[in-house]
Amino acid sequence: MSNEETPNTDLLEFAKAKLDEQISILYANATIAHLQLKNWGHFKDDATKAISFSPRNVKAWYRLANKPDPCPVVRVHPAVTLKQILTDSRMVVPSFICSLFLFPENHPAHKEFLKEHKCVGIIQPN
């Protein structure tokens, strides 16, 4: 096989590196949309993918390192009243709306939710 018939491996490696760099940029840019939508899991996944395609992507490293934490979670005992929930100091966050999510503890959605949200305490009945 002559030299003209063999693929130029340097050129192929260069093209792959450039393609990986572009894919990394796309994933890093997608993190902004996930940040705005508060899709924390997708935010982290896309930032991690961006870094896997190009470990030199400073934007992806910065976004991953400075990822805002989702709102903390306060678990609520089933016997607690709505008034007790809304007057608990951990539920008062300036400029934020209190959201209530109801999951049975043994439901898979409960475990998935707690993977992405930090639990800061439990409200017990008075």
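FYI, it's all coordinate maths here, none of it is from the lab. Small disclaimer: the values here were computed from a predicted structure and weren't measured. Heads up, the Cβs are rebuilt from the backbone with ideal geometry, glycines too, and the neighbour counts pull from every protein chain shown.
Sequence-ordered 3J(HN,Hα) estimates for the stretch 36-42 from the Karplus curve with 6.51, -1.76 and 1.60 and θ = phi - 60° stand at 5, 8, 6, 8, 4, x, 5 Hz, glycine and proline given as x.
Modelled this way, with points 7 Å down the Cα-to-C-beta line, the labels at LEU12 and ARG90 are 5.7 nm from one another.
In the structure shown, the pairs LYS16/LYS49; LYS16/LYS38; LYS67/LYS111 are assessed against 24 Å; a Cα-Cα span above that value is assigned to LYS16/LYS38.
Protection proxy ranking of 46-56, 77-87, by the mean of other Cβ atoms within 10 Å over each peptide's residues and highest first, is 46-56, 77-87. What the Cβ-Cβ distance of ILE23 and VAL74 gives, at R0 = 35 Å and to the nearest 0.05, is a FRET efficiency of 0.30.
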